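In what follows, a structure is listed as structure tokens, so that the remarks can point back to it.
The values are calculated or read from the model by the stated rules, or taken from the named source; none is laboratory data. Every value quoted in this text rests on a predicted model; they were computed, and no experiment measured them. Note: ideal-geometry Cβ built from the backbone for every residue, glycine included; neighbour counts use all protein chains shown. Surface areas here come from the heavy atoms of the whole protein model, side chains and all, with no ligands, DNA or RNA. Shrake-Rupley method; radii C 1.70, N 1.55, O 1.52, S 1.80 Å.
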Amino acid sequence: ISPDGTVFTVRLREGMVFHDGTPVTAADVVLTYELAKSPNCRFSPAACLTAFLASVRAVDDLTVEFTLNSPLASFPTTFMPSIFVENSAIIRAAYDEYAAGRQSVTKAEVQALSDKVAAEVENPTGPAGEDGAPTVAWDTLVPEMEALLQKAGQALPDRTPFTAEDGSIDNTGYGPALETQVGTLLQTFDASDIDALAAAYPYLSFQYNPVGLGAGPFKFVSYKPGESIEMEANEDYFLGRPQLSRMFFPIIKDDLAGGQALVAGQVDWKYSLEGGTYEQIKDDPNLQFVEYPEFGYFALYFNQREGRLFADRNLRQAVAYCFDKPATVEAATEGSGVPIWSEIPPASWAFPGDAVNTYPFDPAKGIALIEQSGWTRGADGIYEKDGRKLSTVAGVRAGRPDRSRYMQLLGDQVRDNCGIDISYKEVDFGALLNMLTTYPHINAAAPETGEPFDAYFGGFVSGPDPDPFSLYHSSECSTEERPDTNNYICYRNPEVDRLIDAGLGTYDQAERAEIYREYAAIQAEDLPVIYAWSEIQREGMRRTIHKTDGPIALDTPYYFARIEKFTNKQ
């Protein structure tokens with residue numbers, strides 16, 4: 001690292017090859033990071049470096065130089081581990097295929113359809129919804145968008161997340177996914193080479209068949225949407241051929257069903273066990289369990305945009321006062337959750353402690369805040385104002401009973417104690433993800449309304465090194481141009497921005513810890529999010545799983561390091 005903290009010079013290992021035998025070189029690193037720094041970056045928002053990375057260049061075949069706009073403490077600890085270097089030859093070939101297909105359509109016809117969809121979304125003409133207002137005519141638009149994309153040689157989005165039990169497609173979720181893909185196609189006509197490639201990245205042909213793309217211990221074999229993923233050992237892995245010859249990952253959405261499959265020997269490893277499932281299987285002599293403090297949390301997020309119900313801080317604070325969070329967490333997680341008041345988890349060196357717990361259970365304070373904002377009790381006990389009820393429905397991921405229990409308990413308390421109606425609806429993960437990554441974030445729990453969500457309950461994976469930039473910096477507020485940033489609630493606070501910038505600008509850990517304590521205190525007052533719990537993470541494995549180079553460390557999230565040494569032989 002250079003003395004001013006802005007230049008990182010990194011040497012690659014010699015002799016590494018991708019799964020197709022292609023050598024891993026600095027050129028592959030450069031292309032990967034150019035995609036990450038593009039304004040059209042389509043990696044996970046936490047892995048996009050547009051605001052931070054000034055340049056990346058190959059010094060020689062095995063040396064890369066990264067130049068940052070300013071010192072960034074999380075660059076080596078958070079970003080570099082989350083950006084996977086991929087085979088540039090495969091990425092380039094896939095984009096050439098994409099560009100060739102694009103020649104079958106014109107910019108004018110893509111623009112015309114994009115404008116037509118936008119106009120329909122703005123002024124719906126479809127059948128009336130439950131509220132009597134017209135809905136978006138997705139049933140008409142979907143075939144048109146599918147036809148255009150197929151004409152351009154593109155694969156259509158996976159329909160699995162939008163397929164009901166009867167086999168029908170929910171076009172209120174599938175339609176926006178097509179709309180985004182059409183918009184991306186339009187965007188690539190005039191963008192520069194790298195920016196067009198970055199925009200098209202989610203739609204390139206290797207996404208569902210990433211053969212030869214990586215260089216890790218296991219190679220891709222097959223993916224069946226909604227069913228399974230299969231991988232096989234990489235004979236040329238630079239740390240040695242893995243002991244396991246194949247890995248098969250069935251997709252089991254229900255936690256208890258996954259635990260029962262583990263007990264029955266139908267699976268050998270389950271990456272996560274909720275409290276109730278763990279209690280049922282913890283004494284099985286054929287199982288072993290990994291247990292460690294989790295770097296992640298669950299929380300109730302409030303949409304901060306003007307006009308949304310909880311844009312009023314008084315109402316957010318009222319919710320916090322009107323339910324007993326510790327008791328709710330205890331009951332919902334069956335004792336496996338630890339109540340938290342900040343997104344910096346208890347397992348982090350920067351954990352601010354209970355100093356940010358500023359909302360003890362006090363319904364009287366909650367009611368006072370509601371009435372201070374001009375709301376009055378309705379005949380049904382729910383507050384109302386200007387003809388609007390203090391009421392919303394929050395999306396919760398289906399198949400996660402602890403989350404549903406938490407929202408049920410929270411909703412009962414805030415309604416009975418303070419006249420706030422927060423109900424919940426279990427929603428498939430794909431629909432929730434589409435809600436969060438598609439502007440303007442139409443509520444997946446009530447898509448028929450065509451309205452953005454007011455509240456959403458979900459989880460987020462953090463890490464030992466805090467970096468709230470993508471979550472809460474004002475510059476990361478999602479927009480139509482950047483619909484999938486992590487600040488989808490559009491939280492804005494100049495003082496929080498200053499502290500986030502300061503925390504990322506120093507490499508002194510003690511100084512950073514103090515900065516993040518101040519940051520957490522301010523955010524606890526603003527309350528854009530009511531944090532629920534962080535939990536002790538448990539993973540289950542059959543006792544047949546062991547390592548050939550020593551015991552498995554069962555008390556750390558990094559227990560699977562050197563996974564090539566794991567075996568499942570008796």
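Overview of values
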{"quantity": "Selection within region 58-99 - farther than 13 Å from THR32 by Cβ and in a strand (DSSP E or B)", "calculated": "VAL59, ASP60, THR63, GLU65, THR67, LEU68"}
{"quantity": "Where ALA51 falls short, out of the listed (1) in contact with a Phe, Trp or Tyr (Cβ under 7 Å, 6 or more places away or on another chain); (2) under 30 Å from ILE500 (Cβ atoms); (3) in contact (Cβ under 8 Å) with a residue 60 or more places away in the chain; (4) among the aliphatic types (A, V, I, L, M)", "calculated": "(1)"}
{"quantity": "Matching residues, region 338-360, being open to solvent by 50 Å² or more (accessible area, probe 1.4 Å) and touching a helix residue (DSSP H, G or I) at 6+ places or on another chain (Cβ under 7 Å)", "calculated": "TRP349, ALA355, THR358"}
{"quantity": "Which listed residue, of TYR301, TYR292, TYR278, is modelled with pLDDT under 95, of a type in the set (Phe, Trp, Tyr) and either in contact with a Phe, Trp or Tyr (Cβ under 6 Å, 6 or more places away or on another chain) or not in a strand (DSSP E or B) (or both)", "calculated": "TYR278"}
{"quantity": "Candidate set: region 407-432, residues that are within 18 Å of the chain's Cα centre (by Cα) and buried (at least 18 other Cβ atoms within 10 Å of the Cβ); chosen: the one nearest to PRO176 (Cα to Cα)", "calculated": "ALA431"}
{"quantity": "Enumeration of residues in region 223-269 that are open to solvent by 30 Å² or more (accessible area, probe 1.4 Å), within 25 Å of THR333 (Cβ to Cβ), without any contact (Cβ under 8 Å) to a residue 40 or more places away in the chain and touching a Lys or Arg at 6+ places or on another chain (Cβ under 9 Å)", "calculated": "ILE251, ILE252"}
{"quantity": "Cβ pairs under 7 Å, 6+ apart, first in region 548-559 and in contact (Cβ under 8 Å) with a residue 40 or more places away in the chain and within 19 Å of LEU239 (Cβ to Cβ), second in a loop (DSSP other than H, G, I, E, B) and open to solvent by 30 Å² or more (accessible area, probe 1.4 Å)", "calculated": "THR548/GLN243; TYR559/ALA553"}
{"quantity": "Boolean, GLY335 is open to solvent by 40 Å² or more (accessible area, probe 1.4 Å), in contact (Cβ under 8 Å) with a residue 12 or more places away in the chain and not in a helix (DSSP H, G or I)", "calculated": "yes"}
{"quantity": "Number of positions in region 507-544 that are open to solvent by 20 Å² or more (accessible area, probe 1.4 Å) and assigned to a loop (DSSP other than H, G, I, E, B)", "calculated": "4"}
{"quantity": "Matching residues in region 410-427 - criterion: being part of a strand (DSSP E or B) and not charged (D, E, K, R)", "calculated": "ILE422, SER423, TYR424, VAL427"}
{"quantity": "Unmet requirement for ALA108, which otherwise passes all of (1) loosely packed, with under 14 Cβ neighbours inside 10 Å; (2) under 21 Å from the mean Cα position of the chain (by Cα); (3) without any contact (Cβ under 8 Å) to a residue 40 or more places away in the chain", "calculated": "(2)"}
{"quantity": "Test: PHE79 is open to solvent by less than 40 Å² (accessible area, probe 1.4 Å) and within 19 Å of ILE194 (Cα to Cα)", "calculated": "no"}
